[in-house]
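Nothing in this text is a laboratory measurement; each read-out follows from the coordinates by a stated rule. Note that the coordinates shown come from a computational prediction; the quantities given were computed from them, not determined experimentally. Backbone-built Cβ (ideal geometry, glycine too); neighbour counts: all protein chains shown.
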Amino acid sequence: MPTLLGLISDTHIRSAGEADLGAEVASALRGSDLICHLGDVYRAEVLDWLEQLAPVYCAEGNGDPHLRGDRRVQRAHVLELEKLKVGLLHGYDYPEPPWRSLESAMATEFGGPVDVMLFGDTHVAASGWCRGVLLLNPGSPTIPSGRLDVPGTVGRLHLDRGTARAEIVQLTRAIPLRW
C-alpha cells in the first residue's frame, strides 16, 4: 500500500495559543501516514498538534535548539519507506549551490545518498529533480516567501514501491501570527 507523507516547514509559532494551525492545514495533512516538519517550529505544541493527525518527525531548524531532547526532533532523519531513502533536514540551498555538491550535502547530512531530500528554511515552496534525487521544500504555511499577508503552502509526498511524487498544496487563507 502506498505511503503518504505530509510536509510542513517554517511555522515560526512563538505563542502556545497559536499552535493550532487551523482547519485548512489539518485538512491538507489529514490522511498522512507520517508528518515531516522540516524545522523552525519554535514551539513543541505545534508538533503535539500535528501528532493528532499522524506520527511526526522533525528536523531541527536554526530556531529550534531548545527542542533538543524532544523524541521527534533530530538534526536530520533518514526514513526508509517504500524501497526509498527519504532524508529530512532544515537547510539546503536549492538548486544545487556551486560551493557544495548534492553528493557532498547528502554525505554530510545523511551519511550517504538518499532518494528524496526534504528541506525547509527558505519559506519558498520548491520541487525538482537533481541527478536522480527528488528535492522538495513545502514552503511555509505561515510566512510564505517571507510574507505574512498571503496564503502559504504545505506539501505531500506520495511514495509507492520505489517511486516518489511531490505535491505542493496552496492554502487559500493566510494564517495570522502575532509578532
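Quick one: net charge of V73's neighbours, Cβ under 11 Å, K/R +1, D/E -1? Every neighbour counted, the sum reads +1.
Local charge sum around K85 (other residues, Cβ-Cβ under 13 Å, Lys/Arg +1, Asp/Glu -1)? Net of charged neighbours comes to -3.
Students often get this wrong: which residues of region 136-151 have the backbone nitrogen under 20 Å from the point 7 angstrom along Cα-to-C-beta of H66? Answer for region 136-151: 142-143. So for the chain, averaging the separation of alpha carbon pairs under 8 Å that are six or more residues apart and normalising by length, what relative contact order in percent results? Relative contact order of the chain: 23 percent. Tally Lys and Arg at +1 and Asp and Glu at -1 over the other residues with C-beta under 12 Å from the C-beta of R14: what net charge comes out? After counting each charged neighbour, the total is -1.
For T108, T142, T172, what's the fewest-to-most ordering of other Cβ within 10 Å of each Cβ?
Numbers: T108 11, T142 24, T172 6.
Ordered by Cβ neighbours within 10 Å, fewest first: T172, T108, T142.
Think of it as helices only: each DSSP H run of n ≥ 4 in the chain is worth -39500 (n - 2.57), and spread over all residues that comes to -3500 deg cm²/dmol at 222 nm.
Rounded to the nearest angstrom and listed largest first, the equivalent-ellipsoid semi-axes of the chain from its Cα gyration tensor are 24, 17, 16.
Across all directions of projection, what mean area in square nanometres is found for the Cα convex hull of region 1-51?
For the Cα atoms of region 1-51, the hull's average projected area reads 3.3 nm².
Taken along the Cα-to-beta-carbon direction at a fixed 7 Å, the label points for R100 and D33 span 3.0 nm.
Under a Cβ-only charge scheme (Lys and Arg +1, Asp and Glu -1), can you give me the dipole magnitude of the chain about the Cα centre, in debye to the nearest 20? Intermediate values should be presented prior to the final figure.
Working: 17 positive and 23 negative charges, 20 e Å.
Charge dipole of the chain: 100 debye, to the nearest 20.
Going by neighbour counts of Cβ atoms within 10 Å, the residues M1, M117 line up, fewest first, as M1, M117.
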